[in-house]
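Data first, discussion second: the structure below is written as structure tokens.
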Amino acid sequence: MAIARKPQTPPSLPKDLDAWVGEAGSDTPIGEPARPKADHMVSLRLPRDLLERLDQNRMARLDKPTRGAWIKAAIAEKLDRV
């Protein structure tokens, strides 16, 4: 088992300690401002036949988008029509 040396100087705490503590558990490195996430994760259940049709359609395209990109574009297209 490797043993690491102790740091020579203790790390300095940020000036806004309350904001720093509020970021606990986030994957933002210490000292960097927290950025809001632009995308949100959504779980989606699809029938197998619908998923197969989706894959056939997207693989027929030249750019071959990912499933997520294809679904996002389809939703945006549908919402534009409403």
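The values are calculated or read from the model by the stated rules, or taken from the named source; none is laboratory data. Being a predicted model, the structure only gives us computed values, none of them experimental. Note: ideal-geometry Cβ built from the backbone for every residue, glycine included; neighbour counts use all protein chains shown. The protein model used for the area step is the full one, side chains on, heavy atoms only, and it has no ligands, DNA or RNA in it. Shrake-Rupley method; radii C 1.70, N 1.55, O 1.52, S 1.80 Å.
Points to keep in mind about this one:
- Counting 0.36 nm for each residue step from Arg67 to Ile3 and taking away their Cα separation leaves a gain of 18.5 nm.
- Length released on extending from Leu17 to Ala60, taking residue separation times 0.36 nm less the Cα-Cα span: 10.1 nm
- Other residues within the sphere of radius under 12 Å centred on the Cβ of Trp70, judged by their own Cβ, net out at +3 (K and R +1, D and E -1).
- From most to least packed by mean Cβ count within 10 Å, the peptides 40-53, 59-72 give 59-72, 40-53.
- Largest accessible area first, the residues Leu54, Leu17 order themselves as Leu17, Leu54 under a 1.4 Å probe with ligands, DNA and RNA left out.
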